[in-house]
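Below: one structure, written as structure tokens.
The values are calculated or read from the model by the stated rules, or taken from the named source; none is laboratory data. Owing to the predicted nature of the structure, the values given are computational and were not obtained by experimental measurement. So basically every Cβ, Gly included, is an ideal-geometry build from the backbone, and we count neighbours across all protein chains shown. What goes into the accessible areas is simple: the full protein's heavy atoms, side chains included, and nothing from ligands, DNA or RNA. Shrake-Rupley method; radii C 1.70, N 1.55, O 1.52, S 1.80 Å.
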Amino acid sequence: MDMNSTNVLGLPHGPERGDTSTPMSRVLSGRVLYETGKDPAVVSPQDWLLTVSHVARDKLVERWIATGRRQQRHRNPKRAYYLSMEFLPGRALGNALFALGLYDSCREALIDLGHDVDEVRELEPDQGLGNGGLGRLAACFLDSMASLDIPGMGYGIRYEYGMFAQRIQDGRQVEHPDPWLAGGNPWEFPRREVTYRVQFGGRVERIDGAHRWVDTDDIKAMAYDTLIPGHGTQTVNALRLWSAKALTDIDLPAFNEGDHVGAVDAKSRCEAISRILYPGDGSAAGRELRLKQEFFFVSASLQDLLHRFIQENDDFDLLPEKVAIHLNDTHPALAVPELMRLLMDVHGLEWERAWNICRGIFSYTNHTLLPEALETWPVHLMEALLPRHLAIIYEINELFLRMVRHLRGEHHNELFRNISLIDEAGERRVRMGHLCVLASHTVNGVSKLHSELMQQTTFADFATIFPDRFTNQTNGITPRRWLEHANPGLSGLIDSAIGPAWRRDLCRLQELRPHADDAAFRAAFRDVKLANKKRLRAMIQRETGVVIDPDSLVDVQVKRIHEFKRQLLNILRVVADYNRLKAAPAAVECMVPRTVLFAGKAAPGYWMAKLIIKLINDVSRRVNEDPRLQGKLKVVFVPNYCVSAAEVIIPGADLSEQISMAGTEASGTGNMKLSLNGALTIGTEDGANIEIRDEVGAENIFIFGHLANEVREMRKNFYEPRSAYQADPVLREVIDQVAGGAFSPDEPGRFQPIIDALLHPGGDRYMVLADFAPYLAAQRQVDLLWQDRDAWSRKAILNVAGMGVFSSDRTILGYAEDIWGVRPIAAV
């Protein structure tokens, strides 16, 4: 058929793959006819979303096939495989159109067809594949791998319902299912022919020196591929996600005998593995499901990549030269014993050879120093679900401890207890972080401070044994998603000043520095920010009913709700400001108008974090309804924080709250996104805040609070939080109000658990009270600067100009060159 011929409606027959001569409006009109079976005159915006997505996907497929062929021509190159429990890519359509250079033509075509491209994009659900910074970082890294032409792919789980959709009811977080796949996913390719058996339970037989894992409960992992486009390049990589399937869909005899529910019970239990991200672990069944999830995705991924390797190679000793496996946090740690099992039990390698191969393949990123966040699994649970893997872990541990005894001697029992893969204190547990460190050739932290503390505290003993194993790769963000896509107004202004090359080389932003002294540029910068704040105002009103002043200082803390991130410190500061204004009504007239915005999810079982959400909303209601403030102070909690919400909030922010206790935030990437979009940071010397200060200038950031070493000294000297409470009358008034029910008159004792956690001996774990006064002082400096909008704009522009080193392109180049040993393969 001639693809330029028309049908009975006078429209093109197809999407004109590879043909750019047909106007995009006619391409879309022709495609929507065959996608929906409807006359283009009556199709819905949802139909246009599907149609535009498929037209873009067609173009990506062409590039993807070409990428695979190009890599094959390079004689079996080394590939990087990024294993992560979560990815948080956000909506895909806008990113694909920008990567393909089709955004403008699709926008104009949809206008011709009577639709707005942004309204169509808003109909796309966020992909429910992650929760917070860990997943968003993984998505940024995949973007950069493709944009830098790095051969490789991501592996994860295709969660049917994501984590949860957050609703706020009576000020409390309520979790609802997030059925993001209900309308289908036009970006994925089901691979029904790509399936692997994943085993659980059973027992281990040893026959003639060989181990066999038998009598297991098996499920099937089926692959779904999502395309990851590079920007400014022809490369398209893939994210392969696994969906759990039962080996048989239905027990037909049971069904025919009348057991209609029991007949599909096995199918339901199997497929629960890929239903929800991070199922609640408050029950034994929940903990078992989490462990199953982690093993499920690493087993399928390793079987898949080994299958690919065997197709191209006949010598397993070549694995480290052809394969790099990166463990994103401890969730994929079971990849270590699973690769050992596959190499030994399935492919017949002996132990030493298999272990040397593993040590040449794995690398590990640590994302936390909090002991409770470093995964451990009960020995009895692993023995029941993964008996062969537990035996392998025991053997790894025994050989390791034997080596250390040989190096250090026998009389170091405390050292042996600290480094053992098995925690023997109380319930015996497998330490997954230790396993990752021991099996990896390189272990990296994600900011300079975090990497130093990792070697001084959490893995100090390992660092003395393997001093060359540890390094740093400071996190980064993709400027395509977080500036070009999220903030087209600022992107256009930057283009007008320095050109578009910053999209591929973010360090070019330093060319903006002279423009910070240009009054006309500063005025244009303020105009862009105001437009973004008006867009944010509309979203806040739609989601919460609160109306904010876009001329107010928009003060933003958007991140997972956790005690160490100290949303509590922020809301206690709001109460102090509220008290100050009530005590001096005349001050309201001259106060700096401020909108304090919170957003983030608390884990379903984390009751203290959920109580903090309730406190924020109770304070919000009291403050927002007080007529004495004349609307000059507003507090809002935006529900269901996700990538698409961040793309509206971050460009509209003036102040970025990065106030975790020093030494607890590994890096942070929200700090980078907000600075890149022209927000000034108020923060502690924690994570990447330190490096941001070094790049933007200490005079262009608000730093406060105790340093990490000071926190350690205070704890050593038995820090007494009640002393801080008694010494500061402002703090004391705030705490007494919260404790006395000033914000919860219907239930005066509602927030007593928060007060107890702050004031009891040994309490205030995250130094909220200790940092309260310095935080208030820093906020007064914020108020003073905001009164000079021109000076504020200058500093904001310098923040944007200083963000070049925080590109995920820089981070991934570091991984590829220094850790993975993978070289780019670009189109010629």
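Some observations on this one:
- Whole-Å distance, taken between Cα centres, linking the stretch 544-616 and the stretch 255-282: 42 Å
- FRET efficiency, 1/(1 + (r/R0)^6) with R0 45 Å, evaluated for Glu511 and Glu193 via beta carbons: 0.35
- The alpha carbons of the stretch 16-122 give a radius of gyration and a Dmax of 16.5, 51 Å, in that order.
- Environment charge at His412 (Cβ cut-off 14 Å; Lys +1, Arg +1, Asp -1, Glu -1): +1
- Prolate/oblate/rounded call for the stretch 599-650, Cα gyration tensor, a/c under 1.5 rounded: oblate
- Kirkwood-type hydrodynamic radius, the stretch 784-828: 13.5 Å, calculated from all non-identical alpha-carbon pairs.
- Within the shell defined by Cβ-Cβ distances under 12 Å, the residues around Lys529 carry a net charge of +3, with Lys and Arg each +1 and Asp and Glu each -1.
- FRET E, pair Asn413, Gln456, Förster distance 22 Å, beta-carbon r, rounded to 0.05: 0.50
- Helix-derived mean residue ellipticity, 222 nm - over the chain, DSSP H n ≥ 4, -39500 (n - 2.57), to 500: -13500 deg cm²/dmol
- Net charge, Pro190 excluded, C-beta distance under 14 Å - Lys, Arg +1, Asp, Glu -1: +3
- Rg/Rg_ref, the stretch 596-725, where Rg_ref = 2.2 N^0.38 Å and atoms are Cα: 1.20
- Extended-chain gain in nm, criterion 0.36 nm per residue less alpha-carbon gap, Val174 and Glu747: 204.4 nm
- Once the mean of 1/r is taken over each pair of separate Cα atoms and inverted, the stretch 268-406 shows a Kirkwood hydrodynamic radius of 16.4 Å.
- Relative pair counts by distance (%), Cα atoms of the stretch 396-551, 5 Å bins: 2, 7, 11, 12, 10, 8, 7, 7, 7, 9, 8, 6, 4, 1, 0
- At q = 0.09, 0.22 Å⁻¹, base-10 log of I(q)/I(0) for the stretch 514-641 (Debye sum, equal scatterers on each alpha carbon): -0.30, -1.26
- The length gained on full extension between Arg621 and Ala519, counted as 0.36 nm times the residue separation minus their Cα-Cα distance, comes to 32.8 nm.
- Note on Asp423/Arg308: beta-carbon distance plugged into 1/(1 + (r/R0)^6) with R0 of 41 Å gives a FRET efficiency of 0.70.
- Among beta bridges that DSSP assigns inside the chain, antiparallel share in %, nearest 5: 45 percent
- The coefficient of translational diffusion for the stretch 527-595, derived via Stokes-Einstein from the alpha carbon Kirkwood radius under 25 °C and 0.890 mPa s, stands at 175 µm²/s.
- Summarising the overall dimensions of the stretch 740-828 from its C-alpha atoms, the Rg and Dmax are 23.7, 70 angstrom.
- The chain - percent of accessible surface contributed by carbon and sulfur, probe 1.4 Å: 51 percent
- Cα shape, the stretch 69-130, gyration tensor, a/c 1.5 rule: oblate
- Per residue accessible area in Å² of the chain, where ligands, DNA and RNA are left out and the probe is 1.4 Å: 39 Å²
- Applying 0.36 nm per residue to the separation of Asp783 and Leu342 and subtracting their alpha-carbon distance, the gain on full extension is 152.7 nm.
- Pairwise Cα separations in the stretch 22-82 fall into 10 Å bins from 0 onward with the following percentages, short to long: 19, 35, 19, 18, 8, 0.
- Span from the the stretch 467-542 Cα centroid across to the the stretch 228-254 one, whole angstrom: 34 Å
- Fraction in percent of alpha-carbon pairs per bin - 10 Å, the chain: 2, 12, 21, 25, 21, 13, 5, 1, 0
- Cross-link partners of Lys529 among lysines, defined as those whose alpha carbon lies under 21 angstrom from its own and excluding same-chain residues fewer than eight positions apart: Lys632, Lys634, Lys673, Lys795.
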